[in-house]
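Visitor: Have a look at the structure that comes next, please.
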Amino acid sequence: MERELTPRSSISRRRFLGTAGVTTMVLASPPAFAEATAEPSSLPKENVRLSVNGRQHALDLDPRTTLLDTLREHLALTGTKKGCDQGQCGACTIIVNGQRINSCLTLAVMHDGDEITTIEGLVEDGDLHPMQAAFVRHDGLQCGYCTPGQICSAVALLAEHRAGWPSHVTADGATRPALSDAEIAERMSGNICRCSAYPNIVAAIRDVNEGGRG
Ligand code: FES
Ligand code: FES
């Protein structure tokens with residue numbers, strides 16, 4: 001059965017605008033409960049022990065705190081960068097128990113007792129780590145925002161390669177491949193550089209792999 005439509009002419013322009021205005025105001029206003037839910041409720045703090053760059057830390061943290069925010073906000077180690085905060089860019093890469101991870105994707109409470117190395121911890125006795133020096137030598141950066149993550153990732157990459165880990169482009173997983181530019185690019189694919197310093201980043205990593213004489 002056909003529904004009877006209200007003739008257009010029966011709604012005056014003035015009445016339509018009045019109704020639309022009220023609707024817009026209602027939609028634009030925050031719901032009455034928004035204020036009450038704006039602040040996340042607090043949770044009991046968790047005690048977390050972290051070893052960061054060889055220093056022991058005991059922290060009382062909201063259990064929802066990411067490892068990235070713990071480093072930056074609680075330990076003032078701001079070398080580790082927050083790019084996307086959702087595991088897409090690699091700017092937050094650090095080394096935990098010898099393996100590289102995205103620190104934005106993990107909670108600090110999951111790392112109680114872990115050994116953590118950040119970009120600040122790669123310097124030894126005031127000397128740049130060979131990978132840091134190679135990035136400088138090869139201009140492996142422009143704005144530098146991705147660089148701490150790139151360098152931590154590259155350091156762990158070399159350890160993974162030495163341990164014989166294959167990558168997605170390794171033809172024969174049974175034998176350790178030479179660290180070709182394609183291998184480096186694939187193994188670094190989790191670290192995005194908006195400045196596109198990729199050729200120089202690859203050159204820096206190749207240089208360190210070959211003994212750092214480049
Ligand atoms: Fe962690 Fe982008 S900030 S991956
Ligand atoms: Fe600018 Fe990589 S140097 S994002």
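The values are calculated or read from the model by the stated rules, or taken from the named source; none is laboratory data. Note that the structure is predicted; figures quoted are calculated from it, not measured. We place every Cβ from the backbone using ideal geometry, glycine too, and count neighbours over all the protein chains shown. When the accessible area is computed, the model is the full protein with side chains, heavy atoms only, and any ligands, DNA or RNA have been set aside. Shrake-Rupley method; radii C 1.70, N 1.55, O 1.52, S 1.80 Å.
Visitor: What accessible area per residue, rounded to a whole number of Å², is obtained for segment 58-202 using a probe radius of 1.4 Å?
Guide: Counting only protein heavy atoms, the per-residue value for segment 58-202 is 49 Å².
Visitor: Show me, for segment 100-105, the HN-Hα J-couplings you get by feeding each phi into the Karplus relation (A = 6.51, B = -1.76, C = 1.60, θ = phi - 60°), rounded to Hz, glycine and proline as x.
Guide: Once rounded to whole Hz, the list reads 7, 9, 8, 6, 7, 9.
Visitor: Given points 7 Å out from each Cα along the Cα-Cβ axis, report the residue 114 to residue 165 separation in nanometres with one decimal.
Guide: 1.4
Visitor: Within the accessible area of segment 73-140, what % is carbon and sulfur when the probe is 1.4 Å and the other protein chains stay in place?
Guide: Percent of accessible area from carbon and sulfur atoms in segment 73-140: 46.
Visitor: Quick one: grab the alpha carbon gyration tensor of segment 30-151, order the square roots of its eigenvalues as a ≥ b ≥ c, and give me rounded if a/c is under 1.5, else prolate or oblate depending on whether a/b is larger than b/c.
Guide: Oblate, since a/c reaches 1.5 and b/c is not below a/b.
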